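Derivation of every value follows stated rules applied to the coordinates shown; laboratory data play no part. Just so you know, these numbers come straight off a predicted model, no measurement behind them. Neighbour counts are summed over all protein chains in view; Cβ atoms, including those assigned to glycine, are modelled from backbone coordinates with ideal geometry.
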Amino acid sequence: MQNDIAEILVTEEEIQTRVAELGRRISIDYRDKVAGDPPQSLLLVGLLRGAIVFLSDLMRAIDIPVQLDFIGISSYGSGTESGAVRLVMDLETDIAARHVVIVEDIVDTGKTLSYLVGNLEARNPASLRICALLDKPDRRMVPIEVKYVGFEIPDKFVVGYGLDFAEGYRNLPFVGVLKEHLYKVVLM
Ligand code: 5GP
């Protein structure tokens, strides 16, 4: 598996340090918001399936009460490009009047998150913010505010730490660039 990686972009140590920082920031930002009467927990909404590794580390770096739910979005795009998006698995939680943070692996064109924010805003949460491990700003097509970003990365196709190619590589502990011939071959 490691032989398929051209270059490591973010090491395991860099990820752990940054995730701890993000967890601290989120804890500070939401401590008062969730301490109301009655108290509520911060709802973390993970995007399946890429965000689950990041989410499981991030939630343990947060020291205020949190609750978890998951949402599934599918894009009709082919290969490594994302196209039109639709909901394939909905939340179980009613998010009305809740403080919600969407946890995503990577923001690329912004289409997925733009769709999701529109969908969730319509349910009247108390607040809605995005936390993404990776951001590829050069690829943005739809403007989107990402409040918490782990790392900005260049326009390269990456795998590992939850990110896949054809459902593989998610269990690599770092974020690496997949060797180009591996995904170019499949696309042809
Ligand atoms: P967007 O809608 O912002 O273009 O794309 C977001 C989704 O595209 C991510 O959730 C992820 O599934 C996929 N994606 C975008 N760039 C990459 C990448 O470099 N590697 C992997 N594995 N997936 C990516």
*Cross-link partners among lysines for Lys147, C-alpha distance below 26 Å, same-chain residues fewer than 8 apart left out?*
Lys33, Lys111, Lys136, Lys156
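Please say if the stretch 1-144 is rounded, prolate or oblate, where rounded means a/c under 1.5 for a ≥ b ≥ c the square roots of the C-alpha gyration tensor eigenvalues, and otherwise the choice is prolate for a/b larger than b/c and oblate otherwise? Before the final figure, lay out the partial values.
On the way: a/c = 2.08, a/b = 1.25, b/c = 1.67.
Because a/c hits 1.5 or more and a/b fails to exceed b/c, the stretch 1-144 counts as oblate.
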*Excluding the sites themselves, what is the longest stretch of the chain that contains no GluC sites (Glu not before Pro) in a DSSP loop with at most 13 other C-beta atoms within 10 Å?*
1-80
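In deg cm²/dmol, rounded to 500, what helix-only [θ] at 222 nm does the chain give when every DSSP H run of at least 4 residues adds -39500 (n - 2.57) and the total is split over its residues? Working shown, then result.
On the way: 4 runs with 47 residues, N = 188.
Taken over the chain, the calculation gives -7500 deg cm²/dmol.
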*Can you list residues whose amide H is under 5 Å from Leu9's amide H, if they're 5+ apart or on another chain and H is modeled 1.01 Å from N?*
Val175, Gly176, Val177
